[in-house]
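Heads up: the structure comes next, in structure tokens.
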Amino acid sequence: MAIKDLPREELMLPGAGSCPGCVDLLSLRMTLKALGPKTIVVSPASCTASIATSYPNSPFQVPLLSMAFAAGGSAASGVAAALNRMGEDDVNVLVWAGDGGTYDIGLQSLSGAVERGTNFIFICYNNEIYSNTGIQRSGATPFGAWTTTTWTGKVEQRKDMMGIMMAHRMPYVASASPSYIEDLYRKVQKAASIKGPKYLEFHIPCAPGWRFPMERTIDVGRLAVETGAWPLMEAENGKVEFNLRSKQILEGKVARKPIEEYLKGQGRFAHLFKPERDEKALAAIEQYLDDEWKRYKTLAECGVSV
Ligand SMILES: Cc1ncc(C[n+]2csc(CCOP(=O)(O)OP(=O)(O)O)c2C)c(N)n1
Ligand code: SF4
């Protein structure tokens, strides 16, 4: 679907209390356009939940259940069970959770809901930090990144959340980026067309948390894909495919751009370059990406999650 053909109906109104230009809300707005008004949103504690609950105002034009940080998945199971009991089978149940509410404290309730076969879409908007509470590190924060709890750079690599979800053998798992909005929109529509549990993860550059000028948000997201820091992929019933630029990289049609182009534009990585280059950390980042892309190649060639 081309941007000019998107539905005109707005289910997220302007004037929400996010930072200006936040692509969390842009992605949510597009997601709700793709799903339509028959959608119930479950929102665990996060930036989005704070925006949603600024009583007496709310930008949401669909019902929203503001939920405890850990409980996105279990709340969705409850909503889906209630809808089932009422014979309502055409309502989308959407969990919209940050990476803290997905990779970390929300992982057990997400895993349980998937294992129960809940008919829902879980979307992790991954800004790679706990932004709402002041930029703490999460299991999604990349190696080397500054946060308020990793002053000299995170020393661990991020969790392989896509791998964890594919290991659940669920019907649909996909990654997307608001810098490639048509691909994101298509994947939400696809998820809505499939019964059972679906997991999507969106890469969400966060200007205040990653320390870059807000107007560069879409460019930073695009660079993440072009350098291979964020692959675009989907797995339907275990069959893995890479999309757009990520597919071209795997097929050898284009090379990954140097990762430093991505890192240098973000203040959270500034200590890797000043006062002097941290060659050891930069080499570790390169090595991690090389290993990841070898793994992606195997996944794409096998065509199944391994
Ligand atoms: C059990 C519990 N611990 C801590 C908090 C405080 N808290 C609210 S939002 C949040 C961070 C959420 O991070 P994430 O899920 O990544 O979403 P983001 O803030 O980045 O949008 C924390 C720690 C809470 N609400 N509940
Ligand atoms: S802190 Fe980041 S994720 Fe939160 S509203 Fe601002 S830009 Fe969006």
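The values are calculated or read from the model by the stated rules, or taken from the named source; none is laboratory data. These numbers were taken from a predicted model, which means no experiment stands behind them. Note that each Cβ is placed from the backbone with ideal geometry, even for glycine, and that neighbours are counted across all protein chains shown. Just the protein is used for accessible areas: all its heavy atoms, side chains included, with ligands, DNA and RNA removed. Shrake-Rupley method; radii C 1.70, N 1.55, O 1.52, S 1.80 Å.
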Skipping prolines and chain starts, which residues have an amide H placed within reach, meaning under 5 Å, of the one on F120, given they are 5 or more residues away or on another chain?
G196, K198
Isotropic mean projected area of the C-alpha convex hull, the stretch 201-306 (nm²):
7.3 nm²
For the stretch 3-302, what is the accessible area per residue in Å², given a 1.4 Å probe and the full set of protein chains?
43 Å²
If each K or R counts +1 and each D or E counts -1, the residues other than S131 whose Cβ falls under 11 Å of its Cβ total -3
Other-chain or far-sequence residues with amide H under 5 Å of G98's (modelled H):
Y125
Which percent, to the nearest 5, of DSSP beta bridges fully inside the chain are antiparallel?
30 percent
Total lysine pairs under 19 Å (Cα atoms) in the stretch 241-306, excluding pairs fewer than 8 apart on one chain
9
Hey, any idea what % of the chain's accessible area is carbon plus sulfur with a 1.4 Å probe?
56 percent
Taking all pairs of distinct Cα atoms, average 1/r, flip it, and tell me the Kirkwood hydrodynamic radius of the stretch 162-261 in Å to one decimal place.
14.3 Å
Could you compute the longest span of the chain free of GluC sites (Glu not before Pro) located in DSSP loops and having at most 14 other Cβ atoms within 10 Å, not counting the site residues?
157-250
For the stretch 252-306, inverting the pair-averaged 1/r of distinct alpha-carbon atoms gives a Kirkwood value in Å of 13.1 Å
Asserting the computed 222 nm helical MRE of the chain (DSSP H runs at least 4 long, -39500 (n - 2.57) per run, divided by residue count, to nearest 500) equals -10500 deg cm²/dmol
Taking the convex hull of Cα positions in the chain, its mean projected area over all directions (nm²):
15.2 nm²
With the contact rule set at Cα under 8 Å and sequence spacing of 6 or more, what percent relative contact order holds for the chain?
15 percent
